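Peer 1: What follows is a structure written as structure tokens; I'll ask about it next.
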Amino acid sequence: MEASQLNDAQTCELSIIIPVYNGAKTVREAVLSACALIRCQVIVVDDGSTDRTIASVADLAVTIIRQENQGPASARRAGLQHARGEFVAFLDADDKLVVSGVLESLRLLKKDAQLAVAAGRIVGVDGSGSEALLPKAYSSITTSTLLQRGHGPFPPGAALIRRRDCLATSSLELPALSPRYAEDYELFVRLSMIGGILQHEEPSLMYRRFAGRSFRNTEAEFSDKESVRSYYASFTGTVVEQMGARDIRSASHMRRAKASMANGSPLAAVGFAISAFCSSPAYMTKKIVAREISRERRV
């Protein structure tokens, strides 16, 4: 591992860690959004990129860490080792921070020492550049609700995390699984076992939807999430309804259908949607019914 220090980390309050692999097209904007924060250390962890990722940010006030390709979980751990801020955030290289929302998260964490995580709302950005404020995924974020729902409450970049609590996740009685495609989900499950998790109303992240490796490997992501659910549910005694192999295939096809539609490929979206229903009609029917019930409750 190789690190170069280009900014003043001694007086920082926040450390923004940006793991990146071949992100030359987007990482500069991500870094600039983080650099807009004052008293902030920005750490770029290059996870073995073969493009011009580092050259694209070399002139900016960032700490650059280089390592061989080991995956995002390893890159985040490497960045955390160099973090000096009391609070940290893990920003994907194709997303951007919203300063006002990050500052609101900071205010809430300073106000309540029992909080491990404070996050803002998410502004989703689709393939055409259209923006929309996304609905909250959780009304209450606890270990039980995370395991019962089976997905993270928000993308990691939306959250500001107390660094001591983030470090404490490695000291829990239960060792981490460190899955390749559900590391965000496991991190929030482990953080929920240490302190509170809160989402406020101020947007804190511009999130590029239906992009990244999880949308290229949807079935592996769902499979890894189910492994995390089973592992922690067994430890905590939480009752969860596990997805079977057919359900995972169905959910994977539906995720790809949504991505295809958002990226301007409606015919592909229809094909994936049909595959989703064929894979597990019962799972898709249950999802539709649950969505309608939720919609009626909001009305």
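The values are calculated or read from the model by the stated rules, or taken from the named source; none is laboratory data. All values derive from a computational prediction rather than experimental measurement. Backbone-built Cβ (ideal geometry, glycine too); neighbour counts: all protein chains shown.
Peer 1: If Gln199 passes every condition in (1) farther than 22 Å from Val117 by Cβ; (2) not in a helix (DSSP H, G or I) but one, which one does it miss?
Peer 2: Result: Gln199 fails condition (1) only.
Peer 1: Of the conditions (1) among the charged types (D, E, K, R); (2) out of contact with any Gly (no Cβ under 6 Å at 6 or more places or on another chain); (3) assigned to a helix (DSSP H, G or I), Arg229 satisfies every one except a single condition; which number is it?
Peer 2: Tallying (1) among the charged types (D, E, K, R); (2) out of contact with any Gly (no Cβ under 6 Å at 6 or more places or on another chain); (3) assigned to a helix (DSSP H, G or I), Arg229 fails exactly one: (2).
Peer 1: Also, quick follow-up: Can you say whether Arg249 is touching a Gly at 6+ places or on another chain (Cβ under 6 Å), in a helix (DSSP H, G or I), at pLDDT 90 or above and not hydroxyl-bearing (Ser, Thr, Tyr), as far as the supplied structure shows?
Peer 2: Working: touching a Gly at 6+ places or on another chain (Cβ under 6 Å): no; in a helix (DSSP H, G or I): yes; at pLDDT 90 or above: yes; not hydroxyl-bearing (Ser, Thr, Tyr): yes.
Spelling it out, it is not the case that Arg249 is touching a Gly at 6+ places or on another chain (Cβ under 6 Å), in a helix (DSSP H, G or I), at pLDDT 90 or above and not hydroxyl-bearing (Ser, Thr, Tyr).
Peer 1: Identify the residue in segment 243-290 that is among the small types (Gly, Ala, Ser) and loosely packed, with under 15 Cβ neighbours inside 10 Å and, among all such residues, is farthest from Val228 (Cα to Cα).
Peer 2: We begin by selecting, within segment 243-290, every residue among the small types (Gly, Ala, Ser); these are 244-245, 250-252, 257, 259-260, 262, 264-265, 268-269, 271, 273, 275-276, 279-280, 282, 290.
Still in the list and also loosely packed, with under 15 Cβ neighbours inside 10 Å: 244-245, 264, 282, 290.
Values: Gly244: 14, Ala245: 15, Gly264: 33, Ala282: 23, Ala290: 23 Å.
In this case the residue turns out to be Gly264.
Yes or no, residue by residue, for (1) closer than 14 Å to Tyr21 by Cβ; (2) assigned by TED's automatic domain parsing to the domain that holds Ala116; (3) outside any loop (DSSP other than H, G, I, E, B):
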position: Ile38; (1), (2), (3): no, no, no
position: Arg52; (1), (2), (3): yes, no, no
position: Ala61; (1), (2), (3): no, no, no
position: Ile65; (1), (2), (3): yes, no, yes
position: Arg76; (1), (2), (3): yes, no, yes
position: Gly79; (1), (2), (3): yes, no, yes
position: Val88; (1), (2), (3): no, no, yes
position: Leu103; (1), (2), (3): no, yes, yes
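Peer 1: Could you run through segment 41-77 and say how many residues are hydrophobic (A, V, I, L, M, F, W, C), under 20 Å from the mean Cα position of the chain (by Cα) and modelled with pLDDT of 95 or more? Steps first, answer last, please.
Peer 2: The initial filter retains those residues of segment 41-77 that are hydrophobic (A, V, I, L, M, F, W, C), namely 42-45, 54-55, 57-58, 60-62, 64-65, 73, 75.
Checking which are under 20 Å from the mean Cα position of the chain (by Cα) leaves us with 42-45, 73, 75.
In the following step, the residues that additionally are modelled with pLDDT of 95 or more were identified as 42-45.
Adding up the residues that qualify gives 4.
Peer 1: Follow-up. State which residue is surrounded by the fewest Cβ atoms within 10 Å (Cβ to Cβ) when the search covers only segment 122-144 and only residues that are within 23 Å of Leu172 (Cα to Cα) and of a type in the set (Val, Ile, Thr).
Peer 2: Result: Thr142.
Peer 1: Here's a follow-up. If you scan segment 91-121, which residues turn out to be touching a Lys or Arg at 6+ places or on another chain (Cβ under 8 Å) and aliphatic (A, V, I, L, M)?
Peer 2: Leu109, Leu115, Ala116, Val117
Peer 1: Another question, if that's okay. Counting only residues that are crowded, with 16+ Cβ neighbours inside 10 Å and modelled with pLDDT under 90, how many does segment 216-242 have?
Peer 2: Qualifying residue count for the region: 1.
Peer 1: Among Ala89, Ala93, Ala119, Ala73, which is the only one that is small (Gly, Ala, Ser), touching a helix residue (DSSP H, G or I) at 6+ places or on another chain (Cβ under 6 Å), buried (at least 23 other Cβ atoms within 10 Å of the Cβ) and over 14 Å from Leu198 (Cβ atoms)? Even if it seems obvious, please write down each step before you answer.
Peer 2: Working: Ala89 fails: touching a helix residue (DSSP H, G or I) at 6+ places or on another chain (Cβ under 6 Å); Ala119 fails: over 14 Å from Leu198 (Cβ atoms); Ala73 fails: buried (at least 23 other Cβ atoms within 10 Å of the Cβ).
So the residue among Ala89, Ala93, Ala119, Ala73 that is small (Gly, Ala, Ser), touching a helix residue (DSSP H, G or I) at 6+ places or on another chain (Cβ under 6 Å), buried (at least 23 other Cβ atoms within 10 Å of the Cβ) and over 14 Å from Leu198 (Cβ atoms) is Ala93.
Peer 1: Among the residues of segment 96-116, write down those that are β-branched (Val, Ile, Thr) and surrounded by fewer than 23 Cβ atoms within 10 Å (Cβ to Cβ). I'd like the intermediate steps shown before the answer.
Peer 2: So in segment 96-116, the residues β-branched (Val, Ile, Thr) come out as 98-99, 102.
Listed by number, the residues that qualify are Val98, Val99.
Peer 1: Taking into account only those residues within segment 1-30 that are among the charged types (D, E, K, R) and not in a helix (DSSP H, G or I), which is modelled with the lowest pLDDT?
Peer 2: Initial filter on segment 1-30 (among the charged types (D, E, K, R)): 2, 8, 13, 25, 28-29.
Keeping just the survivors that are not in a helix (DSSP H, G or I) gives 2, 8, 13, 25.
Working: Glu2: 52, Asp8: 48, Glu13: 94, Lys25: 94.
Looking at residues that are among the charged types (D, E, K, R) and not in a helix (DSSP H, G or I), I get Asp8.
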